[in-house]
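Some notes on the structure that comes next.
The values are calculated or read from the model by the stated rules, or taken from the named source; none is laboratory data. Because the structure is predicted, anything quoted here is derived from the model rather than measured. A quick note on method: Cβ atoms are made from the backbone with ideal geometry, for glycine too, and the neighbour counts reach across all protein chains shown. Heads up: the accessible areas ignore ligands, DNA and RNA and are worked out on the full protein's heavy atoms, side chains in. Shrake-Rupley method; radii C 1.70, N 1.55, O 1.52, S 1.80 Å.
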Amino acid sequence: MRVRFFGMLGSCNKDWNRWHETANSFEAARKLRVDTDAAAFLKMFGRKRNRIGDGFHFWLWAGDKPDETTVVNVACGSSSPLTTSVCLLKPPKQGPNVELLRSAALLTEVVRASALAWEPEWATATSDAYSPQGVDPPRPGTFVGWIMYFSSSRGRVPPLPEPVRVEAVEDKGTLVVLTPERFTVSNPEHVALAGRVHALLEGAGLLRPLQPMGST
């Protein structure tokens, strides 16, 4: 799954074909290039620093300048019934490609890649500034984002108002794109739309906390 995920990210954006591990300085980290193949991940997970209990954790980054990096943070593999797996991608906040990396088209493909590679129960791409219903931070799985994914096991997505786009991800689940424009909390129309969609998805039983690994 990890290998497929990074391969699909590279297809979304050419800068996501070169990943590095972290270090005490940017210059030192630039020398820690990582091949995102199965052998590289097996080696990484053999290190004590990448272990959390019986699970694994790793943090990789891509980019040419310290303030223009994309970061992927993953925790997975734990057998604890209290632990969920997490894959978090944070694009850069500035740089020449920031508009592309924050577009609905590209982030939709990132969420699709996450769905196909990890087969999660739920996924989203949204603004850090958006805190639905005054909850900070909201529990994963319980809120609406700009781009969302719901696995088929979570339930059926109900009809949603325009301009929301709904599309299948193979036989695994459904993508929901709130708006083709960049979702921002400064746009009252975006916030109002999110509220309406939240009510519909919640009514359909799709917005509920993620199940820990090992739950039935």
In Å, the Kirkwood hydrodynamic radius from C-alpha pairs for region 1-67 sits at 12.8
First compute the accessible area of the chain with a 1.4 Å probe, then give the percent of it belonging to carbon and sulfur atoms. 53
Taking +1 at the Cβ of each Lys and Arg and -1 at the Cβ of each Asp and Glu, which of Pro180, Trp16, Val197 sits farthest along the dipole of the chain towards its positive end, judged by Cα position relative to the Cα centre? Trp16
Please sort by residue number the trypsin sites (Lys or Arg not before Pro) in region 62-171 whose DSSP state is loop and whose Cβ has at most 13 other Cβ atoms within 10 Å. Lys93, Arg156
Pairwise FRET efficiency - Glu202 versus Lys43, Cβ, R0 = 45 Å, nearest 0.05: 0.55
With P(r) over Cα pairs in 10 Å bins from 0, in percent in mind, check (1) 8, 32, 36, 20, 4, 0; (2) 9, 38, 38, 14, 1; (3) 7, 29, 34, 20, 8, 2, 0 and report the label derived from this structure. (1)
Just the accessible area per residue of region 35-118, please: how many Å² with a 1.4 Å probe? 53
Roughly how far apart, in whole Å, are the Cα centres of region 155-192 and region 78-97? 21
Over the chain, what is the mean sequence separation of C-alpha contacts under 8 Å (at least six apart), divided by residue count, expressed as relative contact order in percent? 17
Measure out, as a whole number of angstrom, how far apart the alpha-carbon centroids of region 1-21 and region 31-58 sit. 15
